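S.K.: Below: one structure in structure tokens.
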Amino acid sequence: MITLTQCIADSERTNCRENLAEINFERDTLLAILLAPKNDSGNPQNEINKSAYFAYYDYLYEKSIERERKCDNDFILKIFSPESKDLQ
């Protein structure tokens, strides 16, 4: 039973970390787009896109913080985490 619980907790921890990595990658890609120099600085469509990108970046930032807290503070994931010093 303990082995099954450890396997489930380990897969949940892995899924949590993979989801966090995907969110961080998307957030970092969006930041690179925002910081890239634009040739059409006077184009109003670019200004609209930039505002939307900043809003989405903020959303992804908050989502990554929330996911990180969930991954780090989940009691079951902490107990059965391979990095847990208590089980080594």
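S.K.: Would you check if residue 35 is loosely packed, with under 12 Cβ neighbours inside 10 Å and at pLDDT 85 or above?
M.R.: In short, yes.
S.K.: Which of (1) at pLDDT 80 or above; (2) surrounded by 14 or more Cβ atoms within 10 Å (Cβ to Cβ) does residue 13 not meet, given it meets every other one?
M.R.: (1) is the only condition that residue 13 fails.
S.K.: While we're looking at this one, here's another question. Cβ-Cβ distance below 9 Å, separation of 6 or more or different chains: which pairs start in the stretch 43-66 with a residue that is modelled with pLDDT of 90 or more and end on one that is not in a helix (DSSP H, G or I)?
M.R.: The qualifying pairs do not exist here.
S.K.: Of all residues in the stretch 53-68, how many are closer than 18 Å to residue 17 by Cβ and surrounded by 13 or more Cβ atoms within 10 Å (Cβ to Cβ)?
M.R.: Result for the stretch 53-68: 6.
The values are calculated or read from the model by the stated rules, or taken from the named source; none is laboratory data. Model, not experiment: these values are computed from the prediction. Every residue, glycine among them, receives a Cβ derived from its backbone with ideal geometry; neighbour counts consider all protein chains shown.
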